[in-house]
Amino acid sequence: MNDSDREQDLRGRVRAFCAEHDPAATPRPAFLSARFDAGLAAVHYPVGHGGLGLPRSLQPAADEEFARAGAPKLDERRNVIGLGMAAPTIIAFGNGEQKDRWLKPLWLADEIWCQLFSEPGAGSDLAALATRAVKADGDGGEGDGDEWVVNGQKVWTSIAHQARWGLLLARTDPDVPKHAGLSYFVIDMHQPGVEVRPLRQLTGEAEFNEVFFTDARVPDANRLGPVGEGWKVANATLMNERVSIGNSRSVAREESMIGLAASAWRQQPERRTHELHQRLLALWAEAEVARLAGERLRQQLAAGEPGPEGSAAKLTFARLNQEISGWEVEFGGPDGLSYDDWTMRRSGSSDYARGPGYRYLRSKGNSIEGGTSEILRNIIAERVLRLPQEPRTDTTVPWKDLPR
Ligand SMILES: Cc1cc2nc3c(=O)[nH]c(=O)nc-3n(C[C@H](O)[C@H](O)[C@H](O)COP(=O)(O)OP(=O)(O)OC[C@H]3O[C@@H](n4cnc5c(N)ncnc54)[C@H](O)[C@@H]3O)c2cc1C
């Protein structure tokens, strides 16, 4: 079948599904559950696990048909880490049982996911992390041999307070160089050995947390990828994270932050100055180029998994968000400096629609989360432009001998 036939076939399937499950008469959870079972959750998910194994580029055709039929939408913001990072990692590295267990509740946002990577001593240098996972040692107790015991601390863990599952990168072998001694697990956040404490951020709320593990348990069956190959699995998560932060979906012109700035400009002529006009025009053009470049990236992604190119999209996203929200604050004059609410809240996601003050403060984190802008520039330099690598002296020494 060629692309156009496949698209027509897909559109036909969605229409037939909506005819069988009338969106107006079917309760939302039942509709979405049936949609997953029919392989229409996301077209690139595997057959039997919510998808049809088709290229991602066909998803907009399915979305269009669902929208035309008035089908309920998935609230993607409720489970950003689950959808943007956990799902692609499970699809790439999970076995059949793992896909069966996790993908459907993840897609329906019945189970929320968080990412347990960063530590107080390992952020940019993630491979240096120290949280240990040790195989239970066979003293005859329950779960011996097929369980790992986890001790350590993670930090900046977004939505850990809502999460049922965590993507955990842990050290399983301290005697080999840092990248080689890591393994990747899915850990149950609802167990006694996991303590989640809020970290209040610049916006007043606490989207993220510290997470402490004290003899927490994770079954070996929850390991993604082989023991010692956690770095490879983590890279898949990180590449998807960058695409998901910078480029999660197609956006229309002026649908992102630049649209809010442009609409403020249109609505408040009394605040206009020549200088602000020039800057807005330049930002508008850059935002449009970034949007179109993102579209191209998504088309490339349709052919495979994200590579280092996603880093450029994330880098641009962070810079533009900070510059546009800075422009908005300036354009607002004295009102631009006001802030709506410093109440400490345990938010589950960022709400950029809240106002210019919130956008200005929250976007400061954009150049840190998902890899700092400096690190992304290194990745672009080394892996996209193939420039000489930064000197690294710690990649051949056993992790336990590294100075910390
Ligand atoms: C809003 C937000 C949400 C987050 N959510 C999560 C989450 O859910 N899960 C999670 O695991 N983590 C999360 N993080 C953590 C984030 O991934 C880290 O903060 C980030 O990777 C940087 O690590 P660090 O804070 O330890 O800074 P460091 O690595 O200590 O870096 C400090 C500074 O040094 C610079 N630097 C470091 N190394 C180099 C180098 N080689 N070359 C040039 N400059 C360098 C950095 O760019 C940075 O400016 C979140 C962070 C934020 C802000």
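The set of residues in the stretch 1-27 being open to solvent by 30 Å² or more (accessible area, probe 1.4 Å) and in contact with a Lys or Arg (Cβ under 9 Å, 6 or more places away or on another chain) consists of Arg15, His21. When restricted to residues that are polar (S, T, N, Q) and either open to solvent by less than 70 Å² (accessible area, probe 1.4 Å) or without any contact (Cβ under 8 Å) to a residue 24 or more places away in the chain (or both), the stretch 326-348 contains 2.
Residue count for the stretch 190-235 under the criterion of being of a type in the set (Asp, Glu) and assigned to a helix (DSSP H, G or I): the result is 1. Between a first residue in the stretch 1-21 that is touching a residue at least 12 places away in the same chain (Cβ under 8 Å) and a second residue that is of a type in the set (Lys, Arg) and surrounded by 10 or more Cβ atoms within 10 Å (Cβ to Cβ), which pairs have beta carbons less than 8 Å apart while being 6 or more apart in sequence or on different chains? Matching pairs, first to second residue: Phe17/Arg35; His21/Arg35.
Residues in the stretch 282-325 that are without any contact (Cβ under 8 Å) to a residue 40 or more places away in the chain and crowded, with 19+ Cβ neighbours inside 10 Å: Ala287, Ala290. Is at least one residue of the stretch 100-115 open to solvent by 40 Å² or more (accessible area, probe 1.4 Å) and in contact with a helix residue (DSSP H, G or I) (Cβ under 7 Å, 6 or more places away or on another chain)? Yes, because at least one residue in the stretch 100-115 is open to solvent by 40 Å² or more (accessible area, probe 1.4 Å) and in contact with a helix residue (DSSP H, G or I) (Cβ under 7 Å, 6 or more places away or on another chain). Restricting Glu76, Glu65 to those that are away from the ligand (no atom under 16 Å from the Cβ) and open to solvent by 50 Å² or more (accessible area, probe 1.4 Å) reduces the list to Glu76. For His179, the test of being more than 13 Å from Leu116 (Cα to Cα), assigned to a loop (DSSP other than H, G, I, E, B) and away from the ligand (no atom under 13 Å from the Cβ) is failed. Applying the condition of being of a type in the set (Ser, Thr, Tyr) and touching a residue at least 40 places away in the same chain (Cβ under 8 Å) to the stretch 351-404 and asking which residue is farthest from the ligand (Cβ to nearest atom) yields Thr396.
Listed by position, the helices (runs of 4 or more DSSP H) contained in the stretch 333-389 that have at least 2 residues being hydrophobic (A, V, I, L, M, F, W, C) are 373-379. Flag set for Ala261, criterion: touching an Asp or Glu at 6+ places or on another chain (Cβ under 8 Å) and buried (at least 20 other Cβ atoms within 10 Å of the Cβ). Once the stretch 147-163 is narrowed to residues that are open to solvent by 10 Å² or more (accessible area, probe 1.4 Å) and within 15 Å of the ligand (Cβ to nearest atom), the residue that is nearest to the chain's Cα centre (by Cα) is Ser158. Annotation note: Cβ proximity below 6 Å between a residue of the stretch 149-160 that is of a type outside the set (Val, Ile, Thr) and a residue that is near the ligand (Cβ under 7 Å from one of its atoms) (sequence gap 6+ or interchain) occurs for Lys154/Leu116; Trp156/Ser118; Trp156/Phe208; Ser158/Glu207; Ser158/Phe208; Ala160/Cys114. Taking the numbered list (1) in a loop (DSSP other than H, G, I, E, B); (2) modelled with pLDDT of 95 or more in turn, Leu320 passes all entries but (1). Residues of the stretch 100-133 that are within 9 Å of the ligand (Cβ to nearest atom) and not in a strand (DSSP E or B): Phe117, Ser118, Pro120, Gly121, Gly123, Ser124, Asp125, Leu126.
The values are calculated or read from the model by the stated rules, or taken from the named source; none is laboratory data. Model, not experiment: these values are computed from the prediction. All Cβ positions, even for glycine, are placed from backbone atoms using ideal geometry, and neighbour counts span all protein chains on display. With ligands, DNA and RNA removed, areas are computed over all heavy atoms of the protein, side chains included. Shrake-Rupley method; radii C 1.70, N 1.55, O 1.52, S 1.80 Å.
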